[in-house]
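The values are calculated or read from the model by the stated rules, or taken from the named source; none is laboratory data. Remember, predicted model here, so these are calculated numbers, not experimental data. Counting neighbours? That spans all protein chains shown, and the Cβs are built from the backbone with ideal geometry, glycine included. Only protein heavy atoms, including side chains, enter the accessible area calculation; ligands, DNA and RNA are left aside. Shrake-Rupley method; radii C 1.70, N 1.55, O 1.52, S 1.80 Å.
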Amino acid sequence: MTKQTCSLVVLPGDGIGPEVMAEVRKLMTWLESKAGLSFDVHEDLIGGAAIDAHGVPLTDEAVARCQDADAVLLGAVGGPKWDNVPYDIRPEAGLLKIRKDMDLFANLRPAIVFDALADASTLKPEIVKGLDILIVRELTGGVYFGEPKGISDLPDGQRRGVNTQVYTTSEIHRVGRVAFEMARKRQNRVCSAEKSNVMESGKLWREEITKLHQAEYADVALSHMYADNCAMQLLRNPRQFDVLVTDNLFGDILSDEAAMLTGSLGMLPSASLGLEDAGTGRRKALYEPVHGSAPDIAGQGKANPLATILSFSMCLRYSLDQGLLADEIEWAVQDLLGAGLRTGDIMAEGCTCVSTSEMGDTLIKALDAIRKAA
Ligand code: IPM
Ligand code: MG
């Protein structure tokens, strides 16, 4: 049997990024020996690590490699060390650059509550048990990239900061399509969030999502919500949502909120996808945990690697056509949580607190056990 070779670019980044990515590398080794896959991995720098080495948070050569790979895996960027670098080359700028250069406009952020973690949420377990939301966040437009932007000096000595919220029809339609397509594979419901009561860009968003729905996705149940109400509804009754589609900034905020419903940011994976290539049907893609670089715990073996591991599992599913392996990894995560294994962020009474690498090792054991039982 010829092995499927997967070309990946791995960008561990800063803070806990390298630690959590090391656990994914263990998983790759396991997949090579047990699942007939072969990984052709190029590792590169992003964020503060790239600033230190190259003076920029992401080089054009690194982006070119990412463009050619089957997928990109990213850890996290940023840390206090780079707090005072110029704004346009700060670590976060590397993240925005790779999203923009690869045109990764659809950011999928699933918020799933594993049964074993229903108690880890700050909300009552009966509110979050069984939760399964998919946030589809627009990632390459809106106020993150809109022009004009900048800080200027005013004649009277004041300063003025400007960012521009802007969306076009096609930007709204392409992310809307991803949301409707995803909904069809789930509970067939989409809720779209904006502030059409105060923002023209929000009014356009609502109108264009409605048009797209009528023209191509009338079979999907569509609702609209103001983003502030949505933030409130996510806490009041989160299970009312199936797919939630929203813009870049609201998506940033609502996805952090949804993450906490699940108990910890340390559990949340994400996938950022580009347009489908007309020839190959392949989408450019980048997978990263929703959490940041957590400089306060970096290098201490305390980080939860599961968000990064689950991001890699999304990579297997969406980019490498290995849905069954992705299922196995997700079952293994459920099994080890069920057995009471916890990193510090999700620690609970009666459970066993393990380090980052112990969590990764246990995952491999759980995968072996699943294989043996099959
Ligand atoms: C995220 C992060 C980034 C964002 C930061 C680090 C630039 O918060 O991916 O949600 O705002 O998009
Ligand atoms: Mg964020």
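Name, by its number, the condition in (1) free of Cβ contacts under 8 Å to residues at least 24 places away in the same chain; (2) more than 25 Å from L273 (Cβ to Cβ); (3) not aliphatic (A, V, I, L, M) that does not hold for T122.
(1)
Condition check ((1) open to solvent by 10 Å² or more (accessible area, probe 1.4 Å); (2) not hydrophobic (A, V, I, L, M, F, W, C)) across all residues:
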residue: N84; (1), (2): yes, yes
residue: R90; (1), (2): yes, yes
residue: A93; (1), (2): yes, no
residue: L96; (1), (2): yes, no
residue: K100; (1), (2): yes, yes
residue: L104; (1), (2): no, no
residue: P110; (1), (2): yes, yes
residue: A118; (1), (2): no, no
residue: T122; (1), (2): yes, yes
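Please verify whether A339 is at pLDDT below 95 and in contact with a helix residue (DSSP H, G or I) (Cβ under 9 Å, 6 or more places away or on another chain), treating the condition exactly as stated.
Judged against the criteria, A339 is not a match.
Picking from C353, C315, which residue would you name as being in contact with a strand residue (DSSP E or B) (Cβ under 8 Å, 6 or more places away or on another chain) and surrounded by fewer than 16 Cβ atoms within 10 Å (Cβ to Cβ)?
Every option except C353 fails the conditions.
Of everything in the range 319-339, what is without any contact (Cβ under 8 Å) to a residue 24 or more places away in the chain and open to solvent by less than 30 Å² (accessible area, probe 1.4 Å)? Give them in sequence order.
G323, A326
Looking at D296 and the list (1) farther than 14 Å from G344 by Cβ; (2) over 11 Å from the mean Cα position of the chain (by Cα); (3) not in a loop (DSSP other than H, G, I, E, B), which single condition is not satisfied?
(1) is the only condition that D296 fails.
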